[in-house]
Structures are given as C-alpha cells and as structure tokens.
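Participant: There's a structure below that I have some questions on.
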Amino acid sequence: MRISHYFEWEDLITGGHKQSVKNQRKIMDKRGIDYTTEPDLSADILHLNNMGPKSIYYARKAQEQGVPVVVHAHQTAEDFRESFALSNMIARPMKPYLKYAYSLADLIICPSEHNRDVIEEYTDVPKKVISNGFDPDMLEGFEDLRDEYLEKYDLEPPVVFMVGHVIKRKGLKSFIETARKMPDTDFVWFGFLNPSGEDTFVDSLLQSRDTKNLVEDAPDNCTFTGYVDDIRGAYAAGDIFFFPTKNENEGMALLEAMACGKPPVVRDIETFQWLEHGENCLKAEDDFVSVLEKAMEENEMQRLGENAREKSREFELESIADELEKAYRELL
C-alpha cells in the first residue's frame, strides 16, 4: 500500500492543521506505510489535506483513473469565520467551494463528531471520524520548563492560559474580558499574533482591526507572548487551560493541555460534547469567572487535571493509528 499524502500550501499553513498532517505522517512512519508527499496518481490512495485548486485538480484526475480519494475535513466555512480580516466575507463563497471540493472524495475523514455533523450539510460522501490526535513525545519533559517560563513572562501561579493563534473565533474577547474581571490572576495567551506566523506586511493586512484593538486594550494581567520557541514551556507555565472558542473542529492544543494534566475550562459548545462538565473539565456559556475560580481550588485543580489526563489517552497517536490504517485498507 502506497499513499500520496499531499498537503497543498504546506509551507504557508501553521497551527493545528499543520500538526495534524505531521501526526498522520508519523503514524504512517511507525506503521511502515509507504507514502509520498507529492500528488502522485500512481499511488494506491490519494490523501488530500487542504483543498486548494491543485488538490481539486488531482482529485478529479484520480476519479478519472479510479484512484480512491481521501480528504481530511480540516476546514469548514463556519470554522473560518472570525479568523482574520475579511474572513467573514470570504466564508460565504467558501462554503459552496468546499461543498464541491469535498464531493470529490471517496471518504472524508472528520476530526470530531461535531465536524462530521457540519460536513453532512456539505456532501453525502461517506465520512469517518478520526481524531487529529496528539503526539505525546512532543510534550515529554515539559515540567522541567516551568520555572523558566514563569520567570520569562513574569507569571504568578495559578496561571490561566491558552495556546493557539490569536484570533477572535477562538474566544479572544472572552479571554481578555475575563482577565479584566479577575485582576489578581495572570492570564497568558501563548501563540502567534498573526495569521501565518510570520511578521510580514501581508500579516499586518490580514490581522483584523478588531483583533489588534482587543490585544492592545487588554489589561495588565493579560499577556500575549507571540511565537514561543518551545511550546512545552506554555504547558509547563500554565495551570488552567482556558479555551473559550466559539467554533472548533476539534482543538489539538486542548488535547495537549489535558495530556499535561491541566484542567480545561471551555465554552459549552457542541464540539466539546465528549468532555464531561465537572468530571474532566468545567464548561460555561459566557460568564467564565465562577468556573475558573472553581478550577483554581487546589483539590479541584488536581482532580480535574488527573481526569483530563486520563481522558486524553484516547487521543494519543498510538490510539488512533489503527483507525487511520483501517480506513486506508477498507478503501482498497
């Protein structure tokens, strides 16, 4: 079995999308599955991870030649909104575009049940839920970085933190306004302050004015670190993972934080139905102050963190490897 595992615009895309592709390739490496990263229709399966125009071209060619096409549903128009300047406007034509693109697949891999429910409205192509998962090897030794990162960003535990691109859709306003209501608690957002992860003129255009204003007006107890050299430092310094996102396909940083034993506080949205309020997380709709205060209680922090770590084991790469390999073999 040989897979053409193509990721269009691979050099431009960052964040969880890019890490998901790395995770898939690590699974194939461990399982001894032969693959190329080029769009090669001599392979047994064409697996596409970003449906740009080149991917659509090869998907159509694959159909003509009888090569099965797998498409990973990393994007939806719903998830694209409130990401960067003009994203809400672009999301309108994006939906019919993705409907067509996803219809070219023989199998769509969805990272969560919620994502599958959304994609059901796009096309009737068969779908399979396989988590993006997380790589526990990436987190090894994170504890050793705690003192360094607390000192680096002048943080006083317990630290409320977030990991990811700084965009409105991920609950930026709620994060900042909650910090404003809790002036004695340090809040820190680890991650890029720009869409592509590079400080370029294009990024300054892509970042919305609302996002810039929110960050600039954040209270003193709310820190935005920008790019972090070693993401393990974020999970070391943080104590409560605060993820007030409005829409998410899955949330890889959430899985990583849970694996590090950090209790998550999340917005109560459909994406997080697999998390149990009061057992391995705390949920709220809009007012997060009381649940954060609850999570900061020493016994509660430890209990929720241990339960979150246990739950995260279901999403380790080794736990999802069988599902990806099985999906390939069933197509053949």
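Quick note: the coordinates plus some simple rules give every number you see, no bench work behind them. In this text the structure is predicted, and so the values were computed from the model without any measurement. Cβ placement follows ideal geometry from the backbone for every residue including glycine, while neighbour counts extend to all protein chains displayed.
Participant: If packing is taken as the average number of other Cβ atoms within 10 Å across a peptide's residues, how do 153-160, 129-136 rank, most packed first?
Facilitator: Values: 153-160: 17.1, 129-136: 21.5.
So the peptides 153-160, 129-136, ranked by packing, come out 129-136, 153-160.
Participant: Separate question: Arranged by the count of other C-beta atoms within 10 angstrom, fewest first, what order do 258, 138, 28 take?
Facilitator: Values: 258 28, 138 17, 28 20.
Placing the least packed residue first, the sequence is 138, 28, 258.
Participant: To test your reading of the geometry: what angle, between 0 and 90 degrees and rounded to tens, separates the Cα axis of helix 172-181 from the longest principal axis of the chain?
Facilitator: 10
Participant: Working out 0.36 nm times the residue gap between residue 36 and residue 220, then minus their Cα-Cα distance, what length gain in nm do you get to one decimal? Before the final figure, lay out the partial values.
Facilitator: On the way: separation 184, 0.36 × 184 = 66.24 nm, distance 4.82 nm.
That pair, residue 36 and residue 220, stretches by 61.4 nm at full extension.
Participant: Considering amide H positions built from the backbone, and no H for Pro or chain starts, which residues 5 or more places from residue 261, or on another chain, come under 5 Å of its amide H?
Facilitator: Correct list: 309.
Participant: Quick check: Cα centre of region 151-165 to Cα centre of region 98-150, how many Å?
Facilitator: Taking the Cα centre of each part, region 151-165 and region 98-150 sit 26 Å apart.
Participant: How large is the charge dipole for region 141-315, taken about the Cα centre, if only the Cβ atoms of Lys, Arg (+1) and Asp, Glu (-1) carry charge, to the nearest 20 debye?
Facilitator: Values: 20 positive and 37 negative charges, 118 e Å.
Dipole size: approximately 560 debye.
Participant: Using the Karplus equation 6.51 cos²θ - 1.76 cosθ + 1.60 (θ = phi - 60°), what ³J(HN,Hα) coupling, rounded to whole Hz, does each residue of region 255-268 give in order, writing x for Gly and Pro?
Facilitator: The phi angles translate into 4, 5, 4, 4, 4, 8, x, 9, x, x, 10, 10, 6, 7 Hz.
Participant: In deg cm²/dmol, rounded to 500, what helix-only [θ] at 222 nm does the chain give when every DSSP H run of at least 4 residues adds -39500 (n - 2.57) and the total is split over its residues? All intermediate terms of the calculation are to be shown ahead of the outcome.
Facilitator: Numbers: 14 runs with 142 residues, N = 332.
Using -39500 (n - 2.57) per qualifying helix, the result is -12500 deg cm²/dmol.
Participant: Among DSSP beta bridges lying fully in the chain, give the percent that are antiparallel, nearest 5.
Facilitator: Details: 1 of 35 bridges.
Antiparallel bridges: around 5 percent, rounded to the nearest 5.
Participant: Then there's this: When the Cα atoms of the chain are enclosed in a convex hull and the volume is divided per residue, what value in Å³ results?
Facilitator: Working: hull volume 41.8 nm³, N = 332.
That works out to 126 Å³ per residue.
Participant: Roughly what angle does helix 317-331 make with the longest principal axis of the chain, taking Cα atoms, 0 to 90 degrees, to the nearest 10?
Facilitator: 20
Participant: Quick one: Cα centre-to-centre distance for region 21-61 and region 300-332, in angstrom?
Facilitator: About 22 Å separates the Cα centre of region 21-61 from the one of region 300-332.
Participant: Based on DSSP loop calls and a cut-off of at most 13 other Cβ atoms within 10 Å, the longest stretch of the chain free of exposed GluC sites (Glu not before Pro) is what?
Facilitator: On the way: sites that count: 10, 121, 140, 198, 276, 279, 285, 297.
That would be 11-120.
Participant: Using only the alpha-carbon atoms, how far is helix 87-103 inclined from the longest principal axis of the chain? Give it as 0 to 90 degrees, nearest 10.
Facilitator: Orientation of helix 87-103: about 40 degrees from the principal axis.
Participant: How large is the dipole of region 1-159 about the Cα centre if only Lys and Arg carry +1 and Asp and Glu carry -1, each at its Cβ, rounded to the nearest 20 debye?
Facilitator: On the way: 19 positive and 28 negative charges, 190 e Å.
Computed about the Cα centre, the dipole is about 920 debye.
Participant: Any idea what the relative contact order of region 141-315 is, in percent, if you count C-alpha pairs under 8 Å spaced at least 6 apart?
Facilitator: Values: 310 pairs, mean separation 42.1, N = 175.
About 24 percent, as a whole number.
Participant: Cross-link list 18/170; 99/127; 54/170; 173/212; 170/283: which exceed 19 angstrom alpha carbon to alpha carbon? Please report the intermediate quantities before stating the final value.
Facilitator: Values: 18/170 17 Å; 99/127 14 Å; 54/170 29 Å; 173/212 11 Å; 170/283 15 Å.
Cα-Cα > 19 Å for 54/170; rest within.
Participant: Here is a further query. What relative contact order, as a whole-number percentage, does the chain give when Cα pairs under 8 Å and 6 or more residues apart are counted? If you can, show how the numbers build up before the last one.
Facilitator: Details: 614 pairs, mean separation 54.5, N = 332.
Result for the chain is 16 percent.
Participant: Calculate how many DSSP beta bridges within region 10-161 are antiparallel, expressed in % of all such bridges and rounded to the nearest 5.
Facilitator: So the antiparallel bridges amount to about 0 percent of the total.
Participant: Given region 141-315, what percent of its DSSP beta bridges are antiparallel, to the nearest 5?
Facilitator: Details: 1 of 18 bridges.
Beta bridges within region 141-315, antiparallel portion: roughly 5 percent.
Participant: To the nearest 20 Debye, how big is the dipole of the chain about its Cα centre, given +1 on the beta carbon of each Lys and Arg and -1 on that of each Asp and Glu?
Facilitator: 1360
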